[in-house]
1. Modelled with pLDDT of 90 or more, of a type outside the set (Lys, Arg), outside any strand (DSSP E or B) and under 25 Å from residue 138 (Cβ atoms): which single residue out of 107, 29 fits that description?
2. What residue, among those in the stretch 64-98 that are in contact (Cβ under 8 Å) with a residue 40 or more places away in the chain and farther than 13 Å from residue 120 by Cα, is surrounded by the fewest Cβ atoms within 10 Å (Cβ to Cβ)?
3. If you check 12, 37, 8, which single one turns out to be part of a helix (DSSP H, G or I), at pLDDT 90 or above and over 11 Å from the mean Cα position of the chain (by Cα)?
4. Can you tell me which residue within the stretch 114-139, out of those that are touching a residue at least 24 places away in the same chain (Cβ under 8 Å) and under 10 Å from residue 58 (Cα atoms), is surrounded by the most Cβ atoms within 10 Å (Cβ to Cβ)?
5. Being assigned to a strand (DSSP E or B) and farther than 16 Å from residue 117 by Cα is the filter here; which residues of the stretch 82-104 pass it?
6. Here are the criteria: (1) at pLDDT 90 or above; (2) touching a helix residue (DSSP H, G or I) at 6+ places or on another chain (Cβ under 8 Å). Tell me which single one residue 51 does not satisfy.
7. Confirm whether residue 121 is outside any strand (DSSP E or B) and of a type in the set (Val, Ile, Thr).
8. What are the residues in the stretch 27-86 that are among the β-branched types (Val, Ile, Thr) and over 19 Å from residue 111 (Cα atoms), if any?
Amino acid sequence: MKAKAFLIILIIGLFSWNYFYQLSADQTLTHCIIDQIISQQSIDFAKIENLDADHILIIAPYAQINILQSKLKMDLRNIRNNGIRHLDHFNLVVFIKNGKSVSIAELSRKYGDFKETQIIIPTAQAKLKKVKAVWQIIL
C-alpha cells in the first residue's frame, strides 16, 4: 500500500514539475526598462546593469508559447504558464542565455507596443526607439 501511494505521488510530481519551475516577472529589471523609457525615450538593453542575457525576445499579447517555442527552436518551458496567451495589458520581454529563458519582464502596454516581436534579438543590438507609439529597433 505504501509503495502504491509513493508511486502515485512520484507520478504526480513528475507530471507537474513543469508547472513548478516557472519564471515570474523580475520587478527590478522591469523598473530598469521603465526608467529608460521615462528618462531617455528609448530602450537600450545593453546598458542595463547586471543583465545576464545574450539575446532578448519580445512577445506580444495573446502569443502562444508552445507554437513560438517550436518556431524558434528554443526551450521556453519555464515561461509557458505566464498568462501572455490570455492577457492583453502587457508585452513580455524574455531574456535568453545560451538558448534558454533566464528572466522575464512584463512591460505594460501603456508604454507602447513593439514592432519587432517574436524574433530573437542580440542584446548588443537591442536598441529601441519609440516611433508613433510603437517601439522599433534602431541601428
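1. Working: 107 fails: outside any strand (DSSP E or B).
Just one listed residue meets the conditions, 29.
2. 81
3. 37
4. The qualifying residue surrounded by the most Cβ atoms within 10 Å (Cβ to Cβ) is 114.
5. At the first step, the residues of the stretch 82-104 found to be assigned to a strand (DSSP E or B) are 90-97, 100-104.
Matches in the stretch 82-104: 97, 100, 102, 103.
6. Just one mismatch for residue 51, condition (1).
7. No.
8. Once the filter is applied, which keeps residues that are among the β-branched types (Val, Ile, Thr) and over 19 Å from residue 111 (Cα atoms), the stretch 27-86 yields 65, 67, 79.
The values are calculated or read from the model by the stated rules, or taken from the named source; none is laboratory data. As the structure is a prediction and not an experimental result, all values here were calculated from the model. When we count neighbours, we look across all protein chains shown, and the Cβ atoms used for this are built from the backbone with ideal geometry, even at glycine.
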